[in-house]
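Coordinate-derived values only; no laboratory data. Quantities reported herein were computed from a predicted structural model and do not represent experimental measurements. Glycine also receives a Cβ, built like all others from the backbone with ideal geometry; neighbour counts cover every protein chain displayed.
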Amino acid sequence: MTTATATTNVGSRGLLRQLGTDSGYVLLGFPLALASFVVLVVGFAAGVGLAVVVIGLPILAGTLRMARVWADIERLRMAPVLRQPRIRPVYRTAEPGASVWRRIFTPITDAQSWLDLAHGVLNLITSLIAFAFTLVWWVAAAAGSLYWAYDWMLPYDPDNIELTELLGLGDSAGARIVLNSAIGIFFLLTLPIVVRGCALLRARFSRTLLTGVAEMRNRIIVLEEQKRAAASAEATALRKLERDIHDGPQQRLVRLAMDLGRAQQQLNSNPDLARQTIDEALTQTRDTLAELRSLSRGIAPPILVDRGLPSALAALAGRGLIPIDLTVDPQLGTPGGRLDPAVESTAYFVVAESLTNVAKHSRATECWLTVTRTNSRIVIVVADDGEGGAHVSKGHGLAGLADRVRANGGTLSVVSPAGGPTEVRAELPC
């Protein structure tokens, strides 16, 4: 079997599977929508009508809880149609030890419960439309494409004018079979499109009422976590930069100032000693400049800006203290394949910090660095054969790395059992 044939077979199976999923969702959805409509309308009407005599409130609360059941069934059914994971909103619940009336009023004061009730009532409209179109298309496709098998069983009335006669094709059996088969083939070819459209009509309407608020709330939570992670990563980076400057260039600059002051005092009394002090000050200046260049490379290396991520990572691997096996997708360095500057910088930072941790703490003898791009994500894997024990808990170096990755919408995972090996895996959106 050739590759093209295999791909066609896989695509056909996927199309048939989706057609079956969509058809089952729409055809079964109508009786479910009809049942929920009857139950919820009757319960709501009884609850509102009897609210003046108090007994209506428990009925209304029970109706809202029943609406949750129908809503959960719909959320479970629409997930394969939308090709998304099932999302269930967080309903308001009564606190432990609450009174009976408090428990009764809890669903009545929950906004999502009322959205579930609205869905259970209004969903009948979209279900009826989708059911009618889907049923008509299935019946027409089956009846038309199989017309040749049962034409001989149909009663013939000479006084009845057939469609073939109106079209000028005559009233022969062959003309009827050709025309009806052509109509059936049309419905059969358009069946997946129409059924898919009907399924999406129902599913997206349901999603708007049943999970729209929950998705918005989850998105807000994710954005808040990314904001906190970005602030934490920035604070960690600033503290590290401040510590590095304090421990390195700042100390050298203090000594440089002291050396220059001593040389100034020695100029008149001992010029040779002053010249020696100035030479030492020049050495301190060169060392300070070298350290400042090293710090600047960690913040925004010029090679990353000018030549892209593959070249920057190659330079990092070349400066490694242990052998590093580097594999990078070459397209990441081309003008059309380069990442967003923020993502590119984060990827470089992940690799730089991971390699630093390998060199300082792992006691490894070899390291493997792989950077690949799959669909809309870039995957970074840094593995070593060291002694393991790395984790991302607070107080360790990888915690700041995880915050920086999370701030860019990515994920960081560390697998590092005691005794090794260690694998740091980061995934960033492109």
- prompt: How big is the stretch 15-149 by Rg and Dmax over its Cα atoms, in Å?
  reply: 19.2, 70
field: Per-selection Rg to Rh, the stretch 306-429 - Cα, Kirkwood hydrodynamic radius
entry: 0.95
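What is the packing order of peptides 85-98, 318-331, taking the mean over residues of other C-beta atoms within 10 Å and listing the highest first? Kindly include the intermediate steps, with their values, before the conclusion.
Numbers: 85-98: 12.1, 318-331: 14.0.
Listed from highest to lowest mean packing, they are 318-331, 85-98.
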task: Would you order SER269, SER354 from fewest to most other beta-carbon atoms within 10 Å of each residue's own beta-carbon?
output: SER269, SER354
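Please report HIS361, HIS391 as a ranked list, fewest other C-beta atoms within 10 angstrom at the top and most at the bottom. Don't skip to the answer; put the middle values down first.
Working: HIS361 15, HIS391 12.
By the 10 Å Cβ count, ascending, the order reads HIS391, HIS361.
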